[in-house]
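Right, one structure below, let's go through it.
The values are calculated or read from the model by the stated rules, or taken from the named source; none is laboratory data. Small disclaimer: the values here were computed from a predicted structure and weren't measured. Every residue, glycine among them, receives a Cβ derived from its backbone with ideal geometry; neighbour counts consider all protein chains shown. Just so you know, the surface numbers come from the protein's heavy atoms only, side chains and all, with ligands and any DNA or RNA stripped out. Shrake-Rupley method; radii C 1.70, N 1.55, O 1.52, S 1.80 Å.
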Amino acid sequence: PVLFAPDTGFRVAKYRAPVPESPPGIAAIEVEDVATQNPQDTVLIDVRPVQIFEINDDGSWSIPEPSKTIPGSVWLPGIGVGEITAWAEDYMTYSLRQKAKADQTVIVFCRVDCWHSWNAVQRVAALGYTTRWFDGGVEVWEDTGRALEATTPWPVPQLSTIFCTVMRSVSQPTRRVK
């Protein structure tokens, strides 16, 4: 199977595999540095995927399993896939505008050996944000004795009828939209 998209260089398959180095032009950040960041200066973005979910009429997500993340993080599933859908790209752009200020650094993470964060941090940087890549994610955070907190995905904005129609037309059998 093809692992990388020829036009973007993003990983498009087998997302749970060793990631050899930081994405081009983006610095990695270690767990100790993530832990000591001033929340006024940074925004933590969790990009762990969700396989089964429902988007409710109010934009909230219904997921079958509870999840935990690094305290203070914003969970944006769907933005780390190699070939991003239009709705996920709009969701990412809108959510970052709501959560990140121009002078803040956006730290993107997922799990150990997860290409979702490698892909997503490049997308976030392309939008003009100063970014760092935390490749250890929730697993390294927890393995170093730090607490995780319960989380749910950041709500999908109620952008328009067109947005909702696009979401309903996405042909992924595990995604259900009310």
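Here are the numbers for this structure:
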quantity: Filter pass, Gly72 being part of a loop (DSSP other than H, G, I, E, B), among the small types (Gly, Ala, Ser), more than 25 Å from Val12 (Cα to Cα) and at pLDDT 95 or above; calculated: yes
quantity: Residue list for region 95-111, filter: touching a Lys or Arg at 6+ places or on another chain (Cβ under 8 Å) and crowded, with 19+ Cβ neighbours inside 10 Å; calculated: Val106, Ile107, Val108, Cys110, Arg111
quantity: Selection from region 48-84 of residues that are more than 16 Å from Val121 (Cα to Cα), open to solvent by 20 Å² or more (accessible area, probe 1.4 Å) and β-branched (Val, Ile, Thr); calculated: Val50, Ile52, Ile63
quantity: Residues located in region 1-29, provided they are charged (D, E, K, R) and free of Cβ contacts under 8 Å to residues at least 12 places away in the same chain; calculated: Asp7, Glu21
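Residues checked against (1) open to solvent by less than 20 Å² (accessible area, probe 1.4 Å); (2) of a type outside the set (Val, Ile, Thr):
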position: Ala88; (1), (2): yes, yes
position: Val121; (1), (2): yes, no
position: Tyr129; (1), (2): no, yes
position: Asp135; (1), (2): no, yes
